[in-house]
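Read the structure below first, then the notes.
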Amino acid sequence: MPDGCSIRAIWILNSLDAVVFSRRFPVVEKRWRGACKESSTDGGDLNDTVFPLLPSDSELAAAFVDRKRREGSIRGCGIRVSQSAKGSDSWVDDPITRHIIGIYINKEEEGDDNTNNNLLWPLVLHRKGHFSILVLPLAEPRHLKAYARLCNRSDCGNAVGVEDSISSILLDLPSITGAFMAAHAIGDIITGDVVEPEVVVNASPSVGGLLDSLTGSIGISSISSRAKPVAAPVATSSPSSSAVIGTVTSDANKTGSRPFDKDTLRTFISSSMPFGTLLDLSFPNIISIKTNGFASSDLPPSDLKQPAWKPYLYKGRQRILFSIHETVHAAMYDRDEIPDSISICGQINCRAELEGLPDVSFPLIGLNTDKIEVLSFHPCAQVPEHGVDKQAVMFSPPLGNFTLMRYQAVCGVGPPIKGFYQLSMVSEDKGDFLFKLRLMDGYKSPLTMEFCTVTMPFPRRRVVSFDGTPSVGIVSTTEHSVEWKIIMGGRGLSGKSIEATFSGKVQFAPWKPQTLPSSSSTFGSITDEDSDIETDGNNNSMVNVEEFLMEKMNKDLHPADLEDPFCWHAFNYAKVSFKIIGASLSGMSIDMKSLSIYPAVKAPVESSTQVTSGDYILWNTLGRCPAAIAATKV
């Protein structure tokens with residue numbers, strides 16, 4: 001079969017495991033059947049597992065429920081356990097089987113009372129809200145046979161260098177990546193989470209009337225609206241353009257906020273993957289095409305090929321905006337036996353308002369291999385092999401806001417907030433706490449911390465009062481938390497570091513102990529319609545411990561004992577929120593002076609950088625805390 005990214009079928013199931021939407025692609029299915037016919041002459045014991053027909057919705061739902069019962073949850077464990085059965089996904093003993101699953105379709109042959117179990121694989125599983133999205137990409141029968149052998153072999157694990165390992169099979173299936181992208185796009189649409197990347201621009205009037213023409217006001221902090229196509233002229237300097245763009249944003253928001261709209265989903269699937277071949281998964285592009293159609297002025301020059309990600313040509317005043325946005329995740333322990341952990345997830349968002357189909361190129365600085373761990377680019381980008389610290393990037397920009405690049409990196413200048421947090425329960429309803437923090441240690445201008453807040457959450461206890469005065473900032477309380485604002489808006493910290501301390505006492509409402517069921521009875525009896533846990537009549541079902549704990553931590557259970565008084569099977573911590581502007585913490589930046597546009601055009605270029613906190617956690621040094629064990633190199 002030819003290479004490419006093709007989809008055989010899509011199913012969406014609700015929380016009751018009923019199929020609420022399905023779509024099959026006969027053109028791709030014809031290719032699959034042809035491949036099955038060619039492979040039927042190969043022989044072998046596993047030929048019966050290759051079933052050339054797609055199941056009906058009822059057959060798929062029954063098979064999905066059967067797998068859920070067999071694996072113990074919707075996703076399954078991903079590792080082989082004592083309850084794993086030969087032929088199941090968990091028997092393969094690889095965590096990827098929680099996301100790429102196989103189900104067995106029960107088919108009764110005509111004139112035969114026997115039932116054949118036919119394997120349907122690879123099914124990409126994506127959970128969004130109360131829905132399960134299943135996407136079946138096109139594979140070859142040999143891939144299915146190889147996976148069937150993995151599900152029945154006696155040994156376990158994913159050995160390196162083994163011919164029929166799950167990794168080697170998936171690496172030979174490029175359509176898997178497209179199936180994941182399609183599943184995530186569909187999940188965003190049915191739950192109303194369609195949001196464009198944010199492109200932050202300077203609030204100063206450096207671009208003057210250009211911002212006025214686009215947004216109708218000066219001082220806007222970001223641009224998230226999509227440029228309108230030529231068919232309905234916008235982005236011109238006329239006053240009407242801002243009103244038109246506002247309408248497009250409003251329509252997009254209304255489309256995303258509606259409940260599961262099957263007509264919208266059908267339109268998206270028909271346009272983004274016609275006949276099952278993935279083209280463009282940009283939902284705003286698809287909606288723009290449906291709303292505005294095309295006009296004769298949309299046609300590109302005859303010598304240029306218009307890419308799928310740019311269905312319309314831009315008309316108006318030209319400029320390029322770049323925004324580097326990094327999110328810092330950290331676990332700070334202040335313990336000799338546990339090292340602190342800090343990582344950065346970043347992305348470069350772009351908005352290129354350029355007429356025609358130009359190419360933009362620039363050097364990307366900060367790609368030191370010691371700092372950048374993961375790197376991926378938008379399909380519009382062409383990236384050759386990079387040097388020691390610079391990378392030449394050339395791209396043909398899509399319409400509107402888009403994410404040009406994503407990366408994961410280590411922090412090159414140390415944590416922006418370091419120190420420790422201690423909490424000791426002196427009685428059942430009273431605790432003493434102490435913070436000692438240092439902010440922006442080693443950070444120099446232009447790095448500026450705009451705000452910093454530390455929150456002590458107590459989700460299972462009600463705060464009655466607290467006593468204490470911090471060395472800097474103000475303190476406020478809610479029913480279940482204490483919030484310490486160290487740096488507030490308008491009082492940024494730049495070019496220096498400060499030390500902040502805060503000690504005090506917190507008083508909780510009296511706690512009434514409650515006898516909890518034993519762990520064995522809990523695992524066997526507590527379920528609800530949204531739970532991934534299945535039970536059987538013998539009360540011996542296999543349980544996915546990770547999903548079970550997360551579910552129970554989200555329920556309003558009383559604490560188990562005084563040793564762990566705040567969360568059930570959880571730990572006490574403080575969470576830090578902050579925002580830093582001026583530069584990235586990974587060292588990533590764009591060489592603006594070397595940026596070029598071909599064909600040459602005069603267009604102003606702006607760039608901004610902001611760093612925000614993700615899960616930035618200070619674990620209680622006097623209590624228990626979770627920590628990952630670093631992998632040892634062989």
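The values are calculated or read from the model by the stated rules, or taken from the named source; none is laboratory data. For clarity, every value in this text was computed on a predicted model and none was experimentally measured. Backbone-built Cβ (ideal geometry, glycine too); neighbour counts: all protein chains shown. For the accessible areas, the whole protein counts, side chains as well, though only heavy atoms, and no ligand, DNA or RNA atoms are used. Shrake-Rupley method; radii C 1.70, N 1.55, O 1.52, S 1.80 Å.
Between residues in the range 341-355 that are farther than 30 Å from residue 578 by Cβ and residues that are basic (Lys, Arg) and assigned to a loop (DSSP other than H, G, I, E, B), which pairs lie under 9 Å by C-beta distance while being six or more apart or on different chains?
As it stands, the answer is 353/317; 355/315, since those pairs meet every condition given.
May I ask you to list the residues in the range 50-73 that are in a loop (DSSP other than H, G, I, E, B) and either of a type in the set (S, T, N, Q) or open to solvent by 10 Å² or more (accessible area, probe 1.4 Å) (or both)?
51, 52, 53, 54, 56, 73 - these are the residues of the range 50-73 that are in a loop (DSSP other than H, G, I, E, B) and either of a type in the set (S, T, N, Q) or open to solvent by 10 Å² or more (accessible area, probe 1.4 Å) (or both).
How do the strands (runs of 3 or more DSSP E) wholly within the range 342-413 filter down when requiring 2 or more residues that are aromatic (Phe, Trp, Tyr): which remain?
In the range 342-413, the matching strands (runs of 3 or more DSSP E) lie at 401-409.
Please go through the range 478-494 and give me each residue that is open to solvent by 50 Å² or more (accessible area, probe 1.4 Å) and within 14 Å of residue 574 (Cβ to Cβ), ordered by number.
Correct list: 480, 483, 485.
Give me the pairs, please: first residue somewhere in the range 271-289 and of a type in the set (A, V, I, L, M), second residue anywhere and open to solvent by 30 Å² or more (accessible area, probe 1.4 Å), beta-carbon distance under 6 Å, and either six or more positions apart or on two chains.
Pairs found: 278/5; 279/308; 281/181; 286/271.
Condition first: small (Gly, Ala, Ser), over 22 Å from residue 619 (Cα atoms) and modelled with pLDDT of 90 or more. Can you find one or more residues in the range 414-422 that meet it?
No: the range 414-422 contains no residue that is small (Gly, Ala, Ser), over 22 Å from residue 619 (Cα atoms) and modelled with pLDDT of 90 or more.
Confirm whether residue 128 is open to solvent by 10 Å² or more (accessible area, probe 1.4 Å) and either out of contact with any Leu (no Cβ under 9 Å at 6 or more places or on another chain) or at pLDDT 90 or above (or both).
Answer is yes for this residue.
What is the one condition in (1) modelled with pLDDT of 90 or more; (2) in a helix (DSSP H, G or I) that residue 551 does not satisfy?
Every condition holds for residue 551 apart from (1).
Give me a count of the residues in the range 49-81 that are of a type in the set (S, T, N, Q), farther than 27 Å from residue 39 by Cβ and in contact (Cβ under 8 Å) with a residue 40 or more places away in the chain.
1
Being more than 26 Å from the chain's Cα centre (by Cα), of a type in the set (Ser, Thr, Tyr) and modelled with pLDDT of 90 or more is the filter here; which residues of the range 310-335 pass it?
Selection gives 333 alone.
Can you pull out the residues in the range 275-288 that are part of a helix (DSSP H, G or I) and either open to solvent by 50 Å² or more (accessible area, probe 1.4 Å) or at pLDDT below 70 (or both)?
275
When the residues of the range 80-114 are filtered to those that are under 23 Å from the mean Cα position of the chain (by Cα) and part of a loop (DSSP other than H, G, I, E, B), which remaining residue is modelled with the lowest pLDDT?
Among them, the one singled out is 94.
Scan (1) part of a strand (DSSP E or B); (2) open to solvent by 30 Å² or more (accessible area, probe 1.4 Å); (3) touching a residue at least 40 places away in the same chain (Cβ under 8 Å) for the single condition residue 435 breaks and write down its number.
Result: residue 435 fails condition (2) only.
Among the numbered criteria (1) surrounded by fewer than 19 Cβ atoms within 10 Å (Cβ to Cβ); (2) in contact (Cβ under 8 Å) with a residue 40 or more places away in the chain; (3) out of contact with any Ser or Thr (no Cβ under 6 Å at 6 or more places or on another chain); (4) within 27 Å of residue 319 (Cβ to Cβ), which one does residue 377 miss?
Only one criterion in (1) surrounded by fewer than 19 Cβ atoms within 10 Å (Cβ to Cβ); (2) in contact (Cβ under 8 Å) with a residue 40 or more places away in the chain; (3) out of contact with any Ser or Thr (no Cβ under 6 Å at 6 or more places or on another chain); (4) within 27 Å of residue 319 (Cβ to Cβ) is unmet by residue 377, namely (2).
Would you confirm whether or not the range 449-463 contains a residue that is more than 32 Å from the chain's Cα centre (by Cα) and open to solvent by 60 Å² or more (accessible area, probe 1.4 Å)?
Within the range 449-463 (the criterion being more than 32 Å from the chain's Cα centre (by Cα) and open to solvent by 60 Å² or more (accessible area, probe 1.4 Å)), the answer is yes, since at least one residue qualifies.
Restrict the check to the range 254-274 and report whether at least one residue is at pLDDT 90 or above, farther than 30 Å from residue 371 by Cβ and touching a Lys or Arg at 6+ places or on another chain (Cβ under 6 Å).
yes
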